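First comes the structure, then the notes that go with it.
The values are calculated or read from the model by the stated rules, or taken from the named source; none is laboratory data. Owing to the predicted nature of the structure, the values given are computational and were not obtained by experimental measurement. So basically every Cβ, Gly included, is an ideal-geometry build from the backbone, and we count neighbours across all protein chains shown. When the accessible area is computed, the model is the full protein with side chains, heavy atoms only, and any ligands, DNA or RNA have been set aside. Shrake-Rupley method; radii C 1.70, N 1.55, O 1.52, S 1.80 Å.
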Amino acid sequence: MEMWVQPTGADALLARRGGIRQTYAEAFAGPPWHEDPDQADGYVHRLAQDAARPGFRAALALSGSRDDPDAASVVGFATAWTTGSPFPATRAYAAVSSVLGPERTAAWLVGALEVDELALSPHARGTGLAAALLETVTASAPGGRCWLLTSAEAEPAVRLYRRLGWRRVPGPAEGPDIAVFLGPGHPALRDPALGAEA
């Protein structure tokens, strides 16, 4: 049984809703997320709207035979799009703004590639697929400008991002338990005053 990552368009991604739903439910059932199946259903429902966003891109991690990819099972996925202007205020965006402040948020994130989801089934972890998914959706980030948000308590994810050269942007000493990461090619990382974590 082979496992591999391939970029995919919106239509091909949406055609695999069932596998994406199952992967999402498995990936986010445990700590620190503790999401229930209804939240996986909600994600799949929102996916069609996400796929219509400017700059949308996605990748799938599949398990099966490369000779018959249509029969392969989804074991992971990643989605990304271009962060709009003005910076959104819905979902967790307000927390991101509170970490970065309005000036850095506008300068670093607006117009950058935003990694929205990166999910991998537990049985596919440790295979290199998560890194391949992330690299596939961010490879063509404009000017290397890409970013993502995760829970500061998602230790395996935080370790992965750091190992791949992503840098966490420091926030206030007291604030939301979130971690904002800039991609390894983000121009803001060249600023010595940034002081992002290594």
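Structure above, values below:
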quantity: Cα-based helix-to-principal-axis angle, 129-138 vs the chain, degrees rounded to 10; calculated: 60 degrees
quantity: Rounded percent of accessible protein surface that carbon and sulfur make up, the chain, 1.4 Å probe; calculated: 52 percent
quantity: Under Karplus coefficients 6.51, -1.76 and 1.60, residue-wise ³J(HN,Hα) of region 116-125 in Hz, glycine/proline x; calculated: 8, 9, 9, 10, 9, 4, x, 6, 9, 6
quantity: Two-decimal Rg/Rh across region 53-130, once Rg and the Kirkwood Rh are taken from alpha-carbon atoms; calculated: 1.13
quantity: Cα pair count fraction exceeding 22 Å, expressed as % - the chain; calculated: 47 percent
quantity: Environment charge of P142, counting only residues whose C-beta is closer than 13 Å and scoring Lys/Arg +1, Asp/Glu -1; calculated: +1
quantity: Accessible area per residue, Å², the chain with all protein chains present, probe 1.4 Å; calculated: 48 Å²
